[in-house]
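Presented below is the structure to which this report refers.
The values are calculated or read from the model by the stated rules, or taken from the named source; none is laboratory data. Keep in mind that what you see is a predicted model, and the values were worked out from it rather than measured. Positions of Cβ are backbone-derived with ideal geometry, glycine not excepted, and every protein chain shown enters the neighbour counts.
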């Protein structure tokens with residue numbers, strides 16, 4: 001299994017999420033976040049006294065998928081989040097050793113259902 005975390009522009013979130021659902025991704029976490037430093041969109045910066053930095057808004061999508069779907073998930077995010085401008089975001093992929101559904105007690109890929 002793979003854990004995929006994508007940081008994308010907020011205005012691209014709805015289209016990315018709908019396309020991920022269309023390819024069969026049934027569970028995701030979606031979080032509003034702020035990008036700081038070189039990841040931030042320089043055209044859409046806000047000043048924060050708390051962070052003492054410039055930051056821009058982003059959406060973080062987290063999901064776990066079977067290994068054989070990971071390239072399709074990455075491609076879907078790339079196709080629908082890409083604008084070609086700085087601040088488009090990042091995708092990170094990590095291996096997941098195991099997963100357990102608390103409700104069903106199923107493990108591995110079966111726990112994702």
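How many residues does the stretch 59-72 contain that are outside any strand (DSSP E or B) and touching a residue at least 24 places away in the same chain (Cβ under 8 Å)? Step through it out loud before you land on a result.
Restricting attention to the stretch 59-72, the residues satisfying the condition of being outside any strand (DSSP E or B) are 66-72.
Imposing the further condition that a residue be touching a residue at least 24 places away in the same chain (Cβ under 8 Å) reduces the set to 66-67, 69-70, 72.
Residues in the stretch 59-72 being outside any strand (DSSP E or B) and touching a residue at least 24 places away in the same chain (Cβ under 8 Å): 5 in total.
For the stretch 9-25, what are the residues that are at pLDDT below 95, within 22 Å of residue 95 (Cβ to Cβ) and crowded, with 18+ Cβ neighbours inside 10 Å?
Answer for the stretch 9-25, where residues must be at pLDDT below 95, within 22 Å of residue 95 (Cβ to Cβ) and crowded, with 18+ Cβ neighbours inside 10 Å: just 25.
Residues to consider are 59, 100; find the one that is modelled with pLDDT of 90 or more and loosely packed, with under 15 Cβ neighbours inside 10 Å. Spell out the reasoning first.
Numbers: 59 fails: loosely packed, with under 15 Cβ neighbours inside 10 Å.
Going through 59, 100 in turn, the sole match is 100.
Of the residues in the stretch 73-90, how many are surrounded by fewer than 16 Cβ atoms within 10 Å (Cβ to Cβ) and not in a loop (DSSP other than H, G, I, E, B)? Don't jump to the end; show me each part of the working.
Quick first cut of the stretch 73-90, residues surrounded by fewer than 16 Cβ atoms within 10 Å (Cβ to Cβ) only: 75, 78-79, 82-86, 90.
Within this subset, residues satisfying the condition of being not in a loop (DSSP other than H, G, I, E, B) are 75, 78-79, 90.
The number of residues fulfilling the criteria is 4.
Taking only the stretch 1-40 into account, find how many residues are over 19 Å from residue 113 (Cα atoms), touching a helix residue (DSSP H, G or I) at 6+ places or on another chain (Cβ under 8 Å) and outside any strand (DSSP E or B).
Adding up the residues that qualify gives 4.
Consider the stretch 96-113. How many of its residues are farther than 14 Å from residue 63 by Cβ and outside any loop (DSSP other than H, G, I, E, B)? Show your work before the answer.
Here is the first cut: in the stretch 96-113, the ones farther than 14 Å from residue 63 by Cβ are 97-98, 100-108, 110.
Add one more test, that the residue is outside any loop (DSSP other than H, G, I, E, B), and what stays is 100, 107-108, 110.
Summing the residues that are farther than 14 Å from residue 63 by Cβ and outside any loop (DSSP other than H, G, I, E, B) in the stretch 96-113 gives 4.
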